[in-house]
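Below is one structure; the comments refer to it alone.
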Amino acid sequence: MFFLVPDGVHVFFFPGTATAFQFENVLLWIWLYLVLSGTTHAFNLTDGLDGLAAGVGLVALGTLGLVAGWQGHPGLVALSVVFGAALLGFLYFNRHPARVFMGDTGAFAIGGCVASLAFAMGLELYLFLFAFVPVIETLSVALQLSYYRLTQRRIFKIAPLHHHFEAARGVDYVYLLPNVEWPEPRITLSFWLVAVLGALVGLGLYSNP
């Protein structure tokens, strides 16, 4: 079946248990809202370079589809495959130099699908690794805003993080990290690699509780 309500949330730092946290009634809906809202906005922040959000989304969908197969949920596998195939077709036109762009609506859709799959299998906490790049993109924005409000200075040249690696003309303020100027395809490929590594770590933790 496509839609499942899990017994609880898989927690990778508690060996031997898959339902360490359980939610009932209103708490379940609050938790769902937080996961869905956080994931969709994280993917929206990731959508800033040609092919970046689409590639990272494919990694997350592929990983969740693999876990769905392990858990024996063919409907969820089908959902991840269909959405991933559509995203792969989009990526063909969105790769650098992009000819088609997704905008907020597309990024929210990717995040919503990833969050829904994770919630259906109780893997919400694994999104910290299965969707590692969107997580660090979101953290970079939070750190940038918090540090600026406290000190009136910046950590990154520009947030979200992927923009720190771009050539930014007209930047005349001080920021903590060293200046980096990479070509856009190199940034995208590097973040794809980080996404794959995060997913592999997550799979390793999931398969060896």
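Quick note: the coordinates plus some simple rules give every number you see, no bench work behind them. It should be emphasised that the depicted structure is a prediction, and the values quoted were computed from it without experimental measurement. Heads up, the Cβs are rebuilt from the backbone with ideal geometry, glycines too, and the neighbour counts pull from every protein chain shown.
Considering the stretch 126-146, and only residues there that are over 12 Å from the mean Cα position of the chain (by Cα) and touching a residue at least 24 places away in the same chain (Cβ under 8 Å), the residue that is surrounded by the fewest Cβ atoms within 10 Å (Cβ to Cβ) turns out to be Val141.
Find the residue count for the stretch 158-174, including only residues that are under 16 Å from Val194 (Cβ atoms) and free of Cβ contacts under 8 Å to residues at least 12 places away in the same chain. Write out each step before concluding.
Narrowing the stretch 158-174 to residues under 16 Å from Val194 (Cβ atoms): 160-165.
Add one more test, that the residue is free of Cβ contacts under 8 Å to residues at least 12 places away in the same chain, and what stays is none.
Final tally of qualifying residues: 0.
Restricting attention to the stretch 45-69, the residues that are assigned to a helix (DSSP H, G or I), touching a residue at least 60 places away in the same chain (Cβ under 8 Å) and out of contact with any Ser or Thr (no Cβ under 8 Å at 6 or more places or on another chain) add up to 6.
Selection within the stretch 86-118: residues that are small (Gly, Ala, Ser) and closer than 18 Å to Val196 by Cα. The member of this set that is surrounded by the most Cβ atoms within 10 Å (Cβ to Cβ) is Gly111.
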